[in-house]
Amino acid sequence: MPTLTDKVALVTGGATKIGRGVVEVLHKDGAAVIVADIDAAGLAQLPEEIDAQHCDISDDTQLAALISGIIERHGRLDVLVNLAASYLDNGAETSRDDWLTGLNINLVSGARLSELARPHLAQRGTGAIINFSSISSAVAQTGRWVYPVSKAAVVHLTKLQALDYAPDGIRVNSVSPGWTWSNVIEEVSGGNLEHADRVAAHFHMLGRLGRPEEIGRVVSFLASDAASFVTGADYAVDGGYGALGPEQRDPAIPLLAP
Ligand SMILES: NC(=O)c1ccc[n+]([C@@H]2O[C@H](COP(=O)([O-])OP(=O)(O)OC[C@H]3O[C@@H](n4cnc5c(N)ncnc54)[C@H](O)[C@@H]3O)[C@@H](O)[C@H]2O)c1
């Protein structure tokens, strides 16, 4: 089992379902966890042992205050999870402002925060950054441009960070979840998990959605010293979505029958 005892971990976007699942696993595995989010109601619902901080990651002043506050309160920072994201996307018709907002939140803010965190992550020579990408990074999804492009860029940013941060002993990896029980899926499925699982079954070899804690367990492994020789990698946590071709799970050949 990965252990995060004595580690201090910052999770952006940790106030909602997937983030919360990640936060709970990191905490259970022994880390002191800070959550930075703009969702005041979600922050207020976090357990009191989690250090909940209101912070807009697209604001450099707030990011600097976040890091200095963490060092004041916790003395150090070992793990950064760049999870916060925006689904702002109008496909081909996306305005310039919305393009820049989506890329700012999903890509640029994590890069800036990583650089601010870098001297602290470097201090013990065992720092770790985990960036959130998605299955959307590698496939075309109709009507979506900004979000998939941002997530593809996160995979490449991860490799660049891994190379440039390696001399500091900081490992950088990304996770690419498949469809996961989250606010967006709860909303579009009318809160019906079983229905969402049935729909997801066609696209995921394991025949269902992922659960937030299943994403959290992979993040915890990548954050831990058990992953000491893992860097620059993208981990699929997608129930086999990415390995499945267009024929999906059901036999396709019988469809040829007249
Ligand atoms: N939902 C899925 O099925 C799925 C699949 C693949 C990848 N992902 C990835 O998992 C992560 C979580 O996804 P989710 O569906 O739970 O998203 P979500 O929108 O429910 O949660 C994102 C969190 O980020 C926070 N946030 C947004 N903008 C912020 C800002 N400027 N500053 C600080 N916090 C901000 C939100 O308040 C929210 O708590 C994202 O990176 C997403 O791309 C999700």
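What follows is calculated from the coordinates using simple rules that are stated; it is not laboratory data. None of these values were measured; they are calculated from a predicted model. Note: ideal-geometry Cβ built from the backbone for every residue, glycine included; neighbour counts use all protein chains shown.
Computed values, structure above
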read-out: Tabulated pairs, the range 23-51, first under 19 Å from Gln62 (Cα atoms) and free of Cβ contacts under 8 Å to residues at least 24 places away in the same chain, second of a type in the set (Asp, Glu) and away from the ligand (no atom under 16 Å from the Cβ), C-beta under 8 angstrom, 6+ apart or interchain; value: none
read-out: Filter pass, Gly169 being within 18 Å of the chain's Cα centre (by Cα), farther than 20 Å from Gly13 by Cα and small (Gly, Ala, Ser); value: no
read-out: Residues that are away from the ligand (no atom under 14 Å from the Cβ) and in contact with a Lys or Arg (Cβ under 8 Å, 6 or more places away or on another chain), drawn from the range 173-210; value: Ala201, His202, Met205, Gly207
read-out: Conditions (1) within 14 Å of the ligand (Cβ to nearest atom); (2) free of Cβ contacts under 8 Å to residues at least 24 places away in the same chain: number failed by Glu93; value: (1)
read-out: Scan of the range 92-107 for residues that are under 24 Å from the mean Cα position of the chain (by Cα) and either assigned to a helix (DSSP H, G or I) or within 18 Å of Val155 (Cα to Cα) (or both), ordered by number; value: Asp97, Asp98, Trp99, Leu100, Thr101, Gly102, Leu103, Asn104, Ile105, Asn106, Leu107
read-out: Output for the range 212-258, where each listed residue is more than 20 Å from Lys151 (Cα to Cα) and polar (S, T, N, Q); value: Ser220, Ser224, Ser228, Gln248
read-out: Cβ-Cβ under 7 Å pairs, at least 6 apart or on other chains, the range 168-196 side without any contact (Cβ under 8 Å) to a residue 40 or more places away in the chain, far side assigned to a loop (DSSP other than H, G, I, E, B) and small (Gly, Ala, Ser); value: His195/Ser189; Ala196/Ser189
read-out: Search result, residues across the range 79-104 that are closer than 17 Å to Ile129 by Cβ and either out of contact with any Ser or Thr (no Cβ under 7 Å at 6 or more places or on another chain) or among the hydrophobic types (A, V, I, L, M, F, W, C) (or both); value: Val79, Leu80, Val81, Leu83, Ala84, Ala85
read-out: Matching residues, the range 124-142, being surrounded by fewer than 22 Cβ atoms within 10 Å (Cβ to Cβ) and either within 16 Å of the ligand (Cβ to nearest atom) or under 22 Å from Asp60 (Cα atoms) (or both); value: Ser136, Ser137, Ala138, Val139, Ala140, Gln141
